[in-house]
1. Around V99, with a cut-off of 11 angstrom between Cβ atoms, what is the net charge of the other residues, counting Lys and Arg +1 and Asp and Glu -1?
2. Reachable lysines from K9, Cα under 28 Å, same-chain residues fewer than 8 places away excluded?
3. Tell me the trypsin sites (Lys or Arg not before Pro) within region 1-84 that lie in a loop according to DSSP and have at most 14 other beta-carbon atoms within 10 Å.
4. If you count only protein heavy atoms with a 1.4 Å probe, what accessible area per residue comes out for the chain, rounded to a whole Å²?
5. Work from the charge dipole of the chain (Cβ charges, +1 for Lys and Arg, -1 for Asp and Glu, about the Cα centre) and give the residue of N114, L134, V87 farthest towards its positive end.
6. Would you please report the Å³ per residue occupied by the convex hull of the alpha carbon atoms in region 43-115?
7. Please compute the alpha carbon radius of gyration of the chain, then divide it by the globular-protein estimate 2.2 N^0.38 Å. Two decimals is fine.
8. Within region 1-90, list the GluC sites (Glu not before Pro) lying in a DSSP loop whose Cβ has at most 13 other Cβ atoms in a 10 Å radius.
Amino acid sequence: IHEVNFDYKMDQKDVGTGNKKRFNIKTSQAVDFTLANKTRLFSSQFYGLLYHRLLYDELSSYYYDHRTAGGGGYIFFKDKWELDVGVSNYVVKDMPTRVDFIASSRINFKLADNLTLNQRSFLFLDKMSVDYELRTSLIYRLNQKMSFEIRHNFERHFLILRCRLYRDWE
């Protein structure tokens, strides 16, 4: 199974006032590219996976953000539920490279012969942050090789602030 996602977003706004006002100045030009590959191991329910995501915006302060991962998983209940874990290398400009642990799940629920609800979730954990993604898709299969999909993507990123309490012992 191969999955490729590509999103491009450009934002513009008017800057300044009076004689110095400039119109339609580009403030963001973001590219979000994801490539995922899942391969069954022999004829078993086990599979190996590779994942790569690149977020690139030349006009932003972070400039680039990419994550490359590998791992394995298992398919439960006759291809209805998949659960996998992996390890990733996470790189953000001007920040040290981090290692993430990734857990993901995929649920397929057949609503009718040609209609399927698919829920995909990712959880990225490291020492400094917790990120998660939810992708919910409604897929209508037109024929054996073609389908139509409506998808809702949700992402949340949390930075973990660690506080240590020190006590003066006298």
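1. Local charge sum for V99: +1.
2. The reachable lysines, counting only those whose Cα sits under 28 Å from K9, are K20, K21, K26, K38, K93.
3. K21, K78, K80
4. It amounts to 75 Å² per residue over the chain.
5. Checked the options; the winner is N114.
6. Per-residue hull volume (Cα only) is 123 Å³.
7. 1.35
8. Qualifying residues, ordered by number: E58.
The values are calculated or read from the model by the stated rules, or taken from the named source; none is laboratory data. What you see is a predicted model, and the numbers here were worked out from it, not measured in a lab. When we count neighbours, we look across all protein chains shown, and the Cβ atoms used for this are built from the backbone with ideal geometry, even at glycine. When the accessible area is computed, the model is the full protein with side chains, heavy atoms only, and any ligands, DNA or RNA have been set aside. Shrake-Rupley method; radii C 1.70, N 1.55, O 1.52, S 1.80 Å.
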